[in-house]
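Colleague: I have a structure I would like to understand better, so I am pasting it below and will then ask my questions one at a time.
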Amino acid sequence: MTGLTGPERMVYKTLVLTWPFYAIGALYVVGPVLAWLLGGLAALSLYLGPAMRADLRPTGPVPPLVWAWFIGMAVMLVALWVGHLDWGLGLKQTIKSSIGWAKGWALLALFPLAGAVLQIRREVLIRGQCVVGAWTLALAPALLIAPYIGLPERIFTSPLKAIGGPGPEYFSVFLFTWDPASWTPRWQFYAPWSPFAALLGVIMVLFALEEKDRRWMAAGVAAGVLMILASKSRMGLVGLVACTVAPRMLPLILRGWAWQVTAALTASLAVVGTTLATVAGDAVSAFKGARADSTRVRETLQRIARERWENEAPWFGHGTVHPGSHAVEYMPIGSHHTWFGLLFVKGLVGFLALLVPMAWHVAFTLIDAARHPRGRLPLGILMTMVLLSFGENIEIEAYMLWPGLVLLGVHLREVARDRVV
């Protein structure tokens, strides 16, 4: 792309180099560094204003929703400190966890700030995602054939793991992984594991559907669908349908004929409602049974996290995740679910620190998506994040969600600009 502003060049080049960064195991480092650079640039832009170079000047004040995200993430940090103090985890662990907050939760506020204040157009993010899609399609044949010609799962783990992070998989380069339940290959592309790759595929499809160039759109959509299917993730299949269709259906709520159709369908439930309920129940059972071991482990983790939160640390949580037993395949208690994880690690205070800004932002985009096409993409991104939060810990994956987070800020700026006009 040509005619890019300074911030747009930073964003676009970082995005299109996703695969090269992955090839050296650097993605977990790149995301937080970009967040703090853009956040610092936005703060400097707001402070200096007209004294900055033209393409670095702020586009307007910080939107209230971005302030809400900053307040929520600040409360998250305070909850972390109190939890560490309550459980006597020591200064060393507190510093380590605070750095983790700076690489995780803080990104949920920094990237929207950058999108809302800096001169970054949504078209740049959309094209960048489609370029990543083209990279993915080009590399797909080698990835897909790898398990069938005897290549190893993991190529190498980057020395950058010395920086510290949730685990070595965040710094490793994989061709594929073997599913221990079925012993069949699954692909994770540039994500640390397959289910997360599926949700990144959903986000890629959402971005690509907004691309005006049909060739780039086709590349992005094809790559996103491939990521979802090759990851073999149930959550990704749900997201592909729900997060793309629902935002485009919202404008119907403002049309009279849609309400008439809805009333007719509601009345028909009196006849077919029981049958539909049975079918839906069978579908849910089949969905859970598709990966029964995974479902069992996740449900057990959630139950243990809830019970220990209620009985041991209701307000500020346990401060950190705890090792799990054989019953949960040694997965940490407080992992694999953002909301139960928050209750366990940061208590009710941390839970509300995320719930309030996220619920406000979802409601904001719901209203705008019903009124204007510009709201479709941010709503789809937020729906994907909400879906992700029920199967993963969203904070340790924010470093890969950053294009969507920046877009959320861009959308807030667009709405504010149109209100002024």
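Colleague: Do the sum for the chain: with -39,500 (n - 2.57) for every DSSP H run of n ≥ 4, divided by all residues, what is the mean residue ellipticity at 222 nm, to the nearest 500 deg cm²/dmol?
Modeller: Taken over the chain, the calculation gives -23000 deg cm²/dmol.
Colleague: So with the 1.4 Å probe, I'd like the accessible area per residue for segment 166-211, rounded to whole Å². Intermediate values should be presented prior to the final figure.
Modeller: Details: 1200 Å² over 46 residues.
Dividing the accessible area of segment 166-211 by its residue count gives 26 Å².
Colleague: How big is the equivalent ellipsoid of segment 1-139 along its three axes, where each semi-axis is √(5λ) from the Cα gyration tensor, reported in whole Å from largest to smallest?
Modeller: 30, 22, 12
Colleague: If I take R0 = 60 Å and measure r between the Cβ atoms of R9 and S182 in this structure, what FRET efficiency does the formula 1/(1 + (r/R0)^6) give, to the nearest 0.05?
Modeller: For R9 and S182, the calculated efficiency is 0.85.
Colleague: Can you give me the solvent accessible area of E153 with a 1.4 Å probe, rounded to the nearest 10 Å²?
Modeller: 70 Å²
Colleague: Take the alpha-carbon centre of segment 34-48, take the same for segment 92-112, and report the distance between them in whole Å.
Modeller: Centre-to-centre (Cα) distance: 17 Å.
Colleague: Could you pull the accessible area for I99 with a 1.4 Å probe, rounded to 10 Å²?
Modeller: Its accessible surface works out to 90 Å², give or take rounding.
Colleague: Taking segment 300-388 on its own, what percent of its Cα-Cα pair distances exceed 21 Å?
Modeller: Working: 1667 of 3916 pairs.
Counting every Cα pair in segment 300-388, those more than 21 Å apart make up 43 percent.
Colleague: How would L80, L91, L355 line up by accessible area, probe 1.4 Å, largest first?
Modeller: Ranked list, largest accessible area first: L91, L355, L80.
Colleague: If I stretch the segment between R303 and R154 completely, what's the gain in nm (0.36 nm per residue apart, minus their alpha carbon distance), one decimal?
Modeller: 50.4 nm
Colleague: Something else: Using a simple spin-label model with points 7 Å from Cα along the Cα→Cβ vector, what separation in nm is obtained for M1 and A242?
Modeller: In this crude label model, M1 to A242 measures out at 3.0 nm.
Colleague: When we measure straight from the Cα of K212, which lysines land under 23 angstrom away, once same-chain ones fewer than 8 places off are left out?
Modeller: K13
Colleague: Same structure again: For K92, go through the lysines and keep the ones whose alpha-carbon is under 25 Å away, minus same-chain ones fewer than eight residues off.
Modeller: K103, K161, K346
Colleague: Using C-alpha positions alone, give me the convex hull volume of segment 1-79 per residue in cubic angstrom.
Modeller: For segment 1-79, the hull spanned by Cα atoms encloses 119 Å³ per residue.
Colleague: Please report the equivalent ellipsoid semi-axes of segment 100-216, computed as sqrt(5 x eigenvalue) of the Cα gyration tensor, largest first, in whole Å.
Modeller: For segment 100-216, the semi-axes come out at 29, 22, 12 Å.
Colleague: In what order, largest first, do W36, W309, W216, W19 sit by accessible area if the probe radius is 1.4 Å?
Modeller: Details: W36 120, W309 45, W216 80, W19 20 Å².
Accessible-area ranking of W36, W309, W216, W19, largest first: W36, W216, W309, W19.
Colleague: Multiplying the sequence separation of L229 and M249 by 0.36 nm and subtracting their Cα-Cα distance, what value in nm do you get?
Modeller: 4.8 nm
Colleague: Short version: what are the Cα gyration tensor semi-axes of the chain, square root of 5 times each eigenvalue, largest first, in whole Å?
Modeller: Over the Cα atoms of the chain, the ellipsoid semi-axes are 30, 29, 26 Å.
Colleague: How large a share of the accessible area of segment 334-397, in percent, is made up of carbon and sulfur atoms when the probe is 1.4 Å and the other protein chains stay in place? Let's see the in-between values first.
Modeller: Working: 1490 of 1930 Å².
On segment 334-397, the fraction of accessible area on carbon and sulfur atoms equals 77 percent.
Colleague: Students sometimes get this wrong: rank R306, R122 by accessible area, probe 1.4 Å, all chains present, largest first.
Modeller: Descending order: R306, R122.
Colleague: Could you state how much accessible area R53 has, in square angstrom rounded to the nearest 10, with a 1.4 Å probe and all protein chains kept in place?
Modeller: R53 has an accessible surface of roughly 140 Å² with all protein chains in place.
Colleague: Then there's this: Starting from the Cα-Cα distance between E123 and A138, subtract it from 0.36 nm times their residue separation and give me the gain in nm to one decimal.
Modeller: Working: separation 15, 0.36 × 15 = 5.40 nm, distance 2.27 nm.
Gain on stretching E123 to A138: 3.1 nm.
The values are calculated or read from the model by the stated rules, or taken from the named source; none is laboratory data. Note that the structure is a prediction, hence the values are computed from the model and not measured. Ideal geometry is used to build each Cβ from the backbone, glycine not excepted, and the neighbour counts take in all protein chains shown. Surface areas here come from the heavy atoms of the whole protein model, side chains and all, with no ligands, DNA or RNA. Shrake-Rupley method; radii C 1.70, N 1.55, O 1.52, S 1.80 Å.
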